[in-house]
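Visitor: This is the structure I have questions about; it appears just below.
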Amino acid sequence: MALAQPESGGLPTQRTAPLRGSLATTACMETLQVGYLHAVAAAAGCSLSQPFPDNGIDWHVSHGAADHTVDDEVTIKVQLKCTYQLPPRVPGPASATFAFTLDNEHLVKLARTPVSVHKILVVMLVPRSREDWLRAGHDGLDLRHCCYWINLAGHPVTGRRRTTVRIPTARIFDDRALCEIMARVGVGGRP
């Protein structure tokens with residue numbers, strides 16, 4: 001265990017866990033994934049807006065570029081989800097996926113096709129303990145684990161109330177992935 005600064009007597013004391021706020025873990029998870037989205041959007045040169053009321057979609061992400069042919073600025077809709085039910089781990093082969101269950105009502109909204117504004121689902125996997133979510137140092141802030149994305153357009157509803165979808169671990173949601181998504185949408189393609 002790391003040692004804290006010496007007290008007035010000069011002897012170091014054991015560091016204890018910080019006194020975290022009483023906000024529900026699920027609310028903290030939501031805040032963490034929003035921070036992740038903001039960081040990715042900033043690095044990709046995108047703007048964010050939050051619809052009010054949200055009507056089942058959390059964020060609109062817009063990207064302006066001279067190379068876009070359908071408009072000078074294109075937008076996608078993003079639904080965020082976060083879970084610690086799946087252990088964060090290094091993905092296996094490029095074909096690896098993990099299962100994530102959605103309420104059918106959410107899936108229907110995300111799977112609708114055709115659409116004028118494309119939608120993606122972004123799922124963040126985090127460690128169970130908030131103590132393990134972040135590591136800060138002089139050279140950076142590490143956020144544990146990461147987000148993965150999928151376009152569910154056309155995905156069928158298969159469960160009674162909930163449907164399990166497979167999220168590819170090769171689709172890490174970062175600034176490069178977001179730029180590539182926007183480049184495809186900018187020429188009239190799908191995410």
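The values are calculated or read from the model by the stated rules, or taken from the named source; none is laboratory data. This one's a predicted model, so the numbers in the text were calculated from it and none came from an experiment. Virtual Cβ from ideal backbone geometry, glycine too; neighbours counted across all protein chains shown. What goes into the accessible areas is simple: the full protein's heavy atoms, side chains included, and nothing from ligands, DNA or RNA. Shrake-Rupley method; radii C 1.70, N 1.55, O 1.52, S 1.80 Å.
Visitor: Just to be sure before I move on: is residue 122 more than 16 Å from residue 82 (Cα to Cα), β-branched (Val, Ile, Thr), open to solvent by less than 80 Å² (accessible area, probe 1.4 Å) and not in a helix (DSSP H, G or I) in the structure I sent?
Guide: The answer is no for residue 122.
Visitor: Take region 133-178 and flag every residue that is in contact with a strand residue (DSSP E or B) (Cβ under 6 Å, 6 or more places away or on another chain), surrounded by fewer than 17 Cβ atoms within 10 Å (Cβ to Cβ) and among the hydroxyl-bearing types (Ser, Thr, Tyr).
Guide: Correct list: 164 only.
Visitor: Here is a follow-up. Taking only pairs six or more apart or across chains, which ones have beta-carbon atoms under 8 Å, a first residue in region 166-191 that is more than 15 Å from residue 71 (Cα to Cα) and part of a loop (DSSP other than H, G, I, E, B), and a second residue that is of a type in the set (Val, Ile, Thr) and open to solvent by less than 10 Å² (accessible area, probe 1.4 Å)?
Guide: 173/122; 191/76; 191/120; 191/181
Visitor: Look at residue 127 and say whether it is outside any helix (DSSP H, G or I), surrounded by fewer than 16 Cβ atoms within 10 Å (Cβ to Cβ), modelled with pLDDT under 95 and not basic (Lys, Arg).
Guide: Numbers: outside any helix (DSSP H, G or I): yes; surrounded by fewer than 16 Cβ atoms within 10 Å (Cβ to Cβ): yes; modelled with pLDDT under 95: yes; not basic (Lys, Arg): yes.
Here the answer is yes, as residue 127 does meet what is asked.
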